[in-house]
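Below is one structure; the comments refer to it alone.
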């Protein structure tokens with residue numbers, strides 16, 4: 001018996017989501033009285049996993065797996081689960097994790113719970129708490145199969161440091177030709193920008209900014225904070241900003257440490273999509289905006305005056321606290 | 001090309017979320033149900049295939065008779081036939097298995113589902129269905145073109161996009177981008193009239209096997225009061241973010 005965690009890398013480096021998944025896996029292992037084995041593809045910093053409680057690492061080094069391929073990765077992870085005699089497989093909820101997890105679940109005939117926010121209850125069956133209805137509620141789901149897959153929500157369980165050996169073993173899964181039926185023709189990814197998925201801080205703008213020409217307000221503030229930029233649904237529907245920046249129920253979810261909403265009134269769908277963020281700041285000139293009820297800190301004022309001042313003050317703060 | 005669009009019957013995005021029966025079930029009282037938004041983008045994309053390239057478009061749902069108005073709406077938008085698998089949806093795997101059976105029986109080339117339903121947010125039905133069918137699968141799909149047996153799809157990745165080449169049979173986990181919000185087809189009167197006469201076949205489920213079970217629901221703890229900071233006292237905000245919230 002053991003716990004297997006899939007730790008995703010990007011350009012050879014583990015993502016923060018992988019360390020969160022490893023921390024969670026260690027928590028499950030402690031409850032069940034066992035150890036954590038990680039499976040990683042073409043990683044450079046294997047030992048880093050030890051800081052989050054990983055005892056062993058099955059390291060797959062294969063040039064065919066340099067670019068992500070859901071089918072091949074799921075096949076390889078299923079074989080790693082077998083190798084580690086894993087009863088529980090833990091992963092994060094990045095776009096790639098969400099792509100491969102359902103494939104893995106069918107291969108392992110394992111029940112899969114996504115968007116899990118707490119350690120499982122194992123005293124009476126095996127039950128996890130998940131967020132549902134776009135964070136408007138939680139449900140408690142019993143996984144009734146022998147093998148289980150848990151997708152851990154970003155920023156829910158967090159990082160827990162824990163020293164372990166991260167002893168590396170080379171692992172070569174048997175891959176099939178049909179694992180490669182999907183070919184990646186091209187990747188279009190801005191490498192100099194923080195993504196909404198990875199960001200600790202997200203600065204978001206709404207209709208209150210009056211037009212796309214005023215987005216320097218959002219961008220300047222984001223730059224000072226090393227933040228990703230986002231927008232409300234009307235802003236993306238009107239074409240002021242690309243769809244990829246739309247956050248909310250039908251857009252991207254945000255689970256950052258800090259979410260700053262500028263000129264966003266706070267429609268129920270928007271609030272749901274960003275509610276997993278830990279701290280929310282709202283800047284709006286309408287004191288009746290519904291977002292104030294969902295925020296931690298609020299400023300009632302004109303964004304065009306408040307935001308540049310805030311950006312300047314944060315610049316000073318960062319310079320003094322660097 | 002034979003296209004199957006999987007339709008989830010979900011509460012409208014503005015719905016108040018409440019629970020009943022000692023927090024064991026979603027309270028449908030006063031709730032308006034709609035086609036899952038992620039599925040709706042896929043349905044309109046399927047209609048474009050039908051109009052521009054010639055395709056048949058069927059829609060399917062796994063659920064009780066209460067979901068039929070949602071399937072009728074899909075017929076009014078232009079789908080040819082509807083299928084309802086007559087069983088309550090228990091979990092993602094059970095639904096995926098029933099959908100895979102419908103897909104297999106109907107010999108579909110392209111199966112379009114939403115990347116997730118906006119109620120349970122499981123995000124697993126399309127992938128599981130593909131794996132059961134041994135079909136190719138593209139998740140978070142924002143663009144899809146099909147020529148003959150070959151498909152080109154764009155998928156959203158964290159912080160960008162990836163262009164993929166693959167072949168039919170193919171399962172898509174779709175979302176906004178497959179078509180734009182402003183392109184979404186809305187039923188007109190003629191469509192609604194015609195939908196009444198279109199076939200809505202009810203088939204019985206093949207099994208009741210599931211991998212997970214929902215035990216209970218809970219609502220998030222109520223939030224504390226917002227702290228209002230004066231606009232000429234931004235130092236206070238920075239201090240609170242640094243020392244109280246500890247996020248900068």
Mean separation of Cα contacts under 8 Å (6+ apart) over length of chain A, as relative contact order % | 14 percent
How many angstrom lie between the C-alpha centres of region B:23-51 and region A:98-163?
-> 25 Å
If you take the square roots of the eigenvalues of the alpha-carbon gyration tensor of region A:201-320 and sort them as a ≥ b ≥ c, do you get rounded (a/c under 1.5), prolate (a/b over b/c) or oblate?
-> rounded
Long-range alpha-carbon pairs in region B:180-226, meaning those over 16 Å apart, account in percent for 75 percent
In nm, to one decimal, how far is the residue B:29 label point from the residue A:286 one, both placed 7 Å along Cα→Cβ?
-> 3.1 nm
For the pair residue A:180 and residue A:118, how long in nm is the line joining their label points, each one 7 Å along Cα→Cβ?
-> 4.6 nm
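So what is the relative contact order of chain B, in percent, for Cα pairs below 8 Å that sit 6 or more residues apart? Please list the in-between numbers first.
Working: 481 pairs, mean separation 58.9, N = 248.
It rounds to 24 percent for chain B.
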Here P(r) for the protein assembly as shown, Cα-Cα distances in 20 Å bins, as whole percents, is 21, 55, 24, 1
Once the convex hull of the C-alpha atoms of chain A is built, how many Å³ does it hold per residue, rounded to a whole number?
-> 144 Å³
What's the extension gain from residue B:51 to residue B:19 if we count 0.36 nm per residue and subtract their Cα-Cα distance?
-> 7.3 nm
On the first, second and third principal axes, largest extent first, how far apart are the outermost C-alpha atoms of region A:2-180 in Å?
-> 42, 37, 28
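I'd like the FRET efficiency for residue A:146 and residue B:163, computed as 1/(1 + (r/R0)^6) with the beta carbon distance as r and R0 of 35 Å, rounded to 0.05. Present the calculation step by step, with values, prior to reporting the outcome.
Numbers: r = 39 Å, r/R0 = 1.11.
In this case the efficiency is close to 0.35.
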Relative to the compact-globule estimate 2.2 N^0.38 Å (N residues), the Cα gyration radius of chain B stands at a ratio of 1.17
Which distance in Å, rounded to a whole number, links the C-alpha centroids of region B:110-162 and region A:79-96?
-> 21 Å
Against the longest principal axis of chain A, how steep is helix A:16-32, in degrees 0 to 90 to the nearest 10, with axes from Cα atoms?
-> 50 degrees
Residues of region B:166-205 with amide N under 18 Å of a point placed 7 Å along Cα→Cβ from residue A:62 | none
Which angle between 0 and 90 degrees, to the nearest 10, do you get for helix A:216-225 versus the longest principal axis of chain A when only C-alpha atoms count?
-> 50 degrees
Candidates B:237, B:170, B:144: whichever shows maximal mean-square fluctuation once chain B is modelled as a Gaussian network with Cα springs under 10 Å = B:237
Say each of residue A:163 and residue A:189 gets a label point 7 Å from the Cα, pointing the same way as Cα to Cβ; how far apart are those two points in nm?
-> 3.4 nm
Mind pulling the angle between the C-alpha long axis of helix B:68-77 and the longest principal axis of chain B? Nearest 10 degrees, somewhere in 0 to 90.
-> 70 degrees
For the pair residue B:228 and residue A:320, what calculated FRET efficiency results from E = 1/(1 + (r/R0)^6), where r is the Cβ-Cβ distance and R0 = 30 Å, to the nearest 0.05?
-> 0.70
Residue order, fewest to most surrounding Cβ atoms within 10 angstrom, among A:140, B:242, A:246 | B:242, A:140, A:246
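Taken together, the values in this text are just the output of simple stated rules run on the coordinates, not laboratory data. Note that the structure is predicted; figures quoted are calculated from it, not measured. When we count neighbours, we look across all protein chains shown, and the Cβ atoms used for this are built from the backbone with ideal geometry, even at glycine.
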